[in-house]
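The values are calculated or read from the model by the stated rules, or taken from the named source; none is laboratory data. Fair warning: this is a prediction, and the values are worked out from it, not measured in the lab. Don't worry about glycine lacking a Cβ; one is built from the backbone with ideal geometry, like all the others, and counts go over all protein chains shown. These accessible areas exclude ligands, DNA and RNA; they are computed on the full protein's heavy atoms, side chains included. Shrake-Rupley method; radii C 1.70, N 1.55, O 1.52, S 1.80 Å.
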Amino acid sequence: MTSVIEQQQTQIPTGSWQADPIHSSVGFAVKYLGVATFTGELTNFEATLTDGELAGSAEVAGIEVKDENLKAHLQSPDFFDAERHPEVTFSGTANAEGRFDGELTIKGVTQPVTLEAVVTGPVTDPYGNERYGLSLSTVVDRTAFGLNWNAPLPGGGFALANDVTLKAELSLVKAA
């Protein structure tokens, strides 16, 4: 049995790269009731990295959670308002520390964010494609983007935390 050893790299790769949507994921996590973490995934997305410039978008209609009613609520005006704001977007530039400084747009509101980045690779896949892994994360205040819905708890506090962790695990393939 053979295994691939992950090589961590500190530099963002140069050239043009596209996320392989089959081997990549984009998701979010938020504290629920103060005792658990609720997670979801955005399944319809694309991302490119070109000489340190990262751009990505995800369709709000592609949100996946474990309950269809909750999925519908997340797409309603209480949260993402998918009908009026069908996409979430990010555009940014790699900085000297290996992070990405950029702008995140959710529900028509654009805010500056910095994405932490971990680069792995390069590796050549079995089909001859050069690949890098790019793990991205940040924490945002959902209310800064107009995602204000919440429910008070009988003992005080609220059902949802305001801080949301956003994560992307991208398998980047060198563009032809």
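What number does the range 63-149 give for Rg over Rh if you use C-alpha atoms and the Kirkwood radius? Expressed as Rg/Rh, it is 1.09. Each residue was assigned an accessible area with a 1.4 Å probe, and for residue 167 the value is about 120 Å².
Magnitude of the charge dipole for the range 1-116, about its Cα centre and with charges confined to Cβ atoms of Lys, Arg (+1) and Asp, Glu (-1), is about 260 debye. Average projection, convex hull of the Cα set of the range 128-176: 5.4 square nanometres.
Let's test the formula: R0 of 35 Å, r as the Cβ-Cβ distance of residue 25 and residue 151. What FRET efficiency results, to the nearest 0.05?
The value I calculate is 0.80.
Let me know the longest stretch in the chain that avoids all GluC sites (Glu not before Pro) found in a DSSP loop with at most 11 other C-beta atoms within 10 Å. No qualifying site falls inside 98-176, the longest such stretch. Only DSSP H runs of four or more residues enter the estimate; each adds -39500 (n - 2.57), and after division by the residues of the chain the mean residue ellipticity at 222 nm equals -1000 deg cm²/dmol. The distance between label points at residue 175 and residue 69 comes to 4.5 nm (points 7 Å beyond Cα on the Cα→Cβ vector).
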